[in-house]
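Report on one structure; see the data block that follows.
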Amino acid sequence: MTVHADADALPPTTETFRSVFRHHAAGVAVVTAQGGRPAGFTATSLSSVAVAPPTVSFAMSTSSSSWPVFRDASHVGVHILAADQRDLASRFATAAGPDRFAAPTRWRRGPYAVPVLDGVLAWLVCRVEVTVPAGDHRLIVARAVAAESRSGGRPLLYHDRAYVRLCDG
């Protein structure tokens with residue numbers, strides 16, 4: 001099927017675009033990297049790209065205070081948050097403020113010195129393969145080189161500007 005663009009159609013405004021994605025529920029992850037300091041941010045753009053080789057992608061704003069660390073990082077940590085980790089998601093989502101890695105955040109140095117958060121449902125340490133410009137963001141594609149997953153537990157989701165829990169209906 002071929003779809004032709006309507007010459008009279010206008011691209012959505014920023015607010016309309018955001019309102020469309022408020023209907024899209026997404027899993028919540030925290031992505032970390034180590035530079036001169038540990039850095040991290042909350043991401044809902046995480047995607048599994050391929051199983052062989054195990055590859056993920058996520059998007060990051062170039063205006064983020066963490067961007068300089070990620071721009072230069074060869075490895076990153078990807079952490080899938082549990083339903084009871086709203087505070088951790090909020091801490092890493094803040095634009096500025098307290099050290100995200102200070103208490104009460106529990107973490108350790110993992111493979112390739114990547115900060116690995118304790119108590120998450122699962123984590124990956126990934127080697128950055130490519131960074132692609134995408135508007136005011138960069139799409140980072142990375143290959144998993146280490147992983148840990150615990151059994152059980154429910155994921156934290158983000159929907160309509162709020163963290164929510166997955167419920168059976």
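Only one of the numbered conditions (1) polar (S, T, N, Q); (2) out of contact with any Ser or Thr (no Cβ under 9 Å at 6 or more places or on another chain); (3) surrounded by 11 or more Cβ atoms within 10 Å (Cβ to Cβ) is violated by THR42, and that is (2).
Being small (Gly, Ala, Ser), more than 13 Å from ILE140 (Cα to Cα) and touching a residue at least 40 places away in the same chain (Cβ under 8 Å) is a condition met by at least one residue of the stretch 74-87. Kindly indicate whether any position in the stretch 18-25 is closer than 22 Å to GLN85 by Cα, surrounded by fewer than 17 Cβ atoms within 10 Å (Cβ to Cβ), of a type in the set (A, V, I, L, M, F, W, C) and touching a strand residue (DSSP E or B) at 6+ places or on another chain (Cβ under 8 Å). Yes, the stretch 18-25 contains a residue that is closer than 22 Å to GLN85 by Cα, surrounded by fewer than 17 Cβ atoms within 10 Å (Cβ to Cβ), of a type in the set (A, V, I, L, M, F, W, C) and touching a strand residue (DSSP E or B) at 6+ places or on another chain (Cβ under 8 Å). Screening the stretch 132-158 for residues that are under 14 Å from the mean Cα position of the chain (by Cα) and aliphatic (A, V, I, L, M) and picking the one that is most open to solvent (accessible area, probe 1.4 Å) gives LEU139.
Screening VAL51 on (1) without any contact (Cβ under 8 Å) to a residue 40 or more places away in the chain; (2) more than 15 Å from LEU124 (Cα to Cα) shows it passes everything except condition (2). Beta carbons closer than 6 Å, at least 6 apart along the sequence or on distinct chains, pair a first residue in the stretch 131-148 that is over 16 Å from PRO68 (Cβ atoms) and β-branched (Val, Ile, Thr) with a second that is open to solvent by less than 60 Å² (accessible area, probe 1.4 Å) and at pLDDT 95 or above for VAL141/SER57; VAL145/VAL125.
The values are calculated or read from the model by the stated rules, or taken from the named source; none is laboratory data. Keep in mind the model is a prediction, meaning the values are calculated, not measured. Ideal geometry is used to build each Cβ from the backbone, glycine not excepted, and the neighbour counts take in all protein chains shown. Each accessible area value is taken on the protein alone, full model and side chains, heavy atoms only, with ligands, DNA and RNA left out. Shrake-Rupley method; radii C 1.70, N 1.55, O 1.52, S 1.80 Å.
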